[in-house]
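The values are calculated or read from the model by the stated rules, or taken from the named source; none is laboratory data. What you are looking at is a predicted structure, and each value in this text was computed from that prediction instead of being measured. Here Cβ is always computed from backbone atoms with ideal geometry, including for glycine, and neighbour counts include all displayed protein chains. Surface areas here come from the heavy atoms of the whole protein model, side chains and all, with no ligands, DNA or RNA. Shrake-Rupley method; radii C 1.70, N 1.55, O 1.52, S 1.80 Å.
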Amino acid sequence: MDNTNGDIALAIFRTPELEDKENSAARLRIETLGASIDRVASEAADRAEVLHGLAQPQKTLPAKYFYDARGSQLFEEICGLPEYYPTRAEAWILDRYAVEVADATGPCGLVELGSGSSTKTRALLDADRNLGGALRYVPIDVSRTILTESAKQLLRDYPTLEVRGAVATYDRALAALSFKFAPTDLPSRMLVFLGSSLGNLTLEECDRFFGQVRGFLDAGEYFLLGVDLHKSTAQLDAAYNDSRGVTAAFNLNMLAHLNRRFGADFDRANFQHRAFYNEGDRQIEMHLRCLHSHEVQLGDRRFAFTEGETIRTEISRKFDVDAVRAQLDRYDLEPVNIWRDPQGWFASILSRRRVR
């Protein structure tokens with residue numbers, strides 16, 4: 001049987017656009033870390049964490065519940081707001097100094113915690129591409145949606161890039177991520193933690209986090225850390241109370257996430273966004289303030305809220321560079337270089353796991 005027409009049909013069907021799509025798919029893998037863990041047990045642990053926080057005298061909720069699909073979108077909007085300086089300050093540093101970072105580390109794969117849209121990461125990828133080595137990127141985020149969307153865009157813009165994304169929290173990623181770049185590909189890795197997210201950790205959590213970083217990196221591998229520096233109370237208050245109300249929507253969206261995830265019955269109309277700078281503890285605090293006394297059901301538990309009571313949803317500590325550098329050094333993370341923006345609002349610190 002003559003199959004010429006079939007061959008022609010196949011050739012017409014395989015357009016360049018289709019081949020590009022298939023090529024991108026081959027360079028992308030996204031998995032959920034801990035997928036083999038008992039889902040029932042994992043869900044129970046998350047629920048217990050929320051219940052424990054709501055039972056405290058100062059009610060608290062884990063900040064990870066900001067980041068459902070809607071919350072991730074709202075955070076990207078926050079990063080573009082005129083009052084929210086950290087994104088612009090850090091982007092300026094990376095745009096100006098990414099080449100110096102690449103020169104210091106040499107060719108290495110990037111592993112990024114809390115990657116989000118990966119917008120700022122592009123400066124690091126561009127600098128690595130200029131070194132002429134392979135491009136390997138492991139973005140880690142709690143939102144599969146934003147992880148997938150940003151990875152697909154990167155693959156379109158970087159034809160030789162390979163992406164192996166992981167849906168996970170920081171803790172789980174550092175404990176469970178086993179991926180190592182093949183020696184024939186790249187000789188080293190750099191763990192990247194941008195966006196001042198370190199400030200969301202308490203002092204104790206920060207110590208535990210640096211211990212995990214030390215355990216994750218091999219001797220001689222690198223850690224690039226972004227930190228938000230001390231500045232005026234007025235500037236900080238404005239950054240977390242924007243005039244468009246996007247941060248307020250971001251904060252309140254957490255309640256919708258909890259309702260959907262755990263079957264709670266939070267009414268967002270009963271709460272109001274509140275953010276302020278706690279000068280004593282040198283940290284921004286984000287709260288949800290109760291407007292009317294009422295009760296909330298979550299599973300088989302009921303929680304009473306009185307008028308004026310708050311749920312603390314986030315802290316954002318502000319740092320001194322010398323103190324951070326000393327803390328890194330205690331965990332065998334030897335500072336290599338520090339870069340600041342012209343206003344001194346933000347710093348990027350490159351350190352290297354000490355070789356003993």
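If the segment from residue 175 to residue 235 were pulled out straight at 0.36 nm per residue, it would be longer than the present Cα-Cα gap by 18.0 nm.
Just so you know, the Cα atoms of the range 212-338 work out to an Rg and Dmax of 19.2, 56 Å. Place a point 7 Å from the Cα of residue 131 along the Cα-to-Cβ direction; which residues of the range 225-265 have their backbone N under 19 Å from it? Under 19 Å, as judged by backbone N against the label point of residue 131, lie 225-226 of the range 225-265. Between amide H atoms placed 1.01 Å from N, distances below 5 Å from residue 168 occur with 141, 142, all of them 5 or more places distant or on a separate chain. For the chain, the share of DSSP beta bridges that are antiparallel, to the nearest 5, is 60%. What the Cβ-Cβ distance of residue 153 and residue 256 gives, at R0 = 41 Å and to the nearest 0.05, is a FRET efficiency of 0.95.
With the simple model of a label 7 Å out from the Cα in the direction of the Cβ, residue 212 to residue 268 spans 2.8 nm.
With the full set of protein chains in place, find how many percent of the accessible area of the range 149-241 is carbon and sulfur; take the probe as 1.4 Å. Reported share for carbon and sulfur atoms: 51 percent.
Can you compute the helix-only [θ] at 222 nm over the chain? Use -39500 (n - 2.57) per DSSP H run of at least 4 residues, normalise by all residues, nearest 500 deg cm²/dmol. Only helices count here, giving -13000 deg cm²/dmol. Among the chymotrypsin sites (Phe, Trp or Tyr not before Pro) in the range 115-203, none is located in a DSSP loop while being surrounded by at most 12 other Cβ atoms within 10 Å of its own Cβ. For the chain, the dipole from Cβ point charges (+1 on Lys and Arg, -1 on Asp and Glu) about the Cα centre works out to 380 debye, to the nearest 20. Tell me which of 347, 167, 299 sits at the most positive position along the dipole axis of the chain, charges placed on C-beta atoms (Lys, Arg +1; Asp, Glu -1). Sorting the options by dipole projection puts first 299. The alpha carbon centroids of the range 197-266 and the range 270-336 are separated by 9 Å.
Let me know the Kirkwood hydrodynamic radius for the chain, please, with Cα pairs as the basis and the value in Å to one decimal. Averaging 1/r across every pair of different Cα atoms and inverting gives 22.1 Å.
Please work out, to two decimal places, the log10 of the ratio I(q)/I(0) at q = 0.28 Å⁻¹ from a Debye calculation in which every Cα of the range 197-248 carries one identical scatterer. Here log10 of I(q) over I(0) equals -1.12. Stretching the chain fully between residue 327 and residue 202 yields a gain of 43.6 nm (0.36 nm per residue, less the alpha carbon separation).
Put simply, when 46-59, 338-351 are sorted by average Cβ atoms within 10 angstrom per residue, most first, you get 338-351, 46-59.
Over the range 101-143, the fraction of Cα-Cα pairs per 5 Å bin, rounded to whole percents and listed from the shortest bin up, is 5, 24, 33, 20, 13, 4, 1. Projected label points at residue 336 and residue 303, each 7 Å from Cα along the beta carbon direction, are separated by 4.3 nanometres. Electrostatic bookkeeping for residue 151 treats Lys and Arg as +1 and Asp and Glu as -1; over the other residues with beta carbon under 13 Å from its beta carbon, the sum is +2. Grouping the Cα pair distances of the range 48-162 into 10 Å bins from zero gives a pair-distance distribution of 12, 35, 31, 15, 6, 1 percent in increasing distance order.
Taking every protein chain into account, the accessible area of the chain amounts to 47 square angstrom per residue (probe 1.4 Å).
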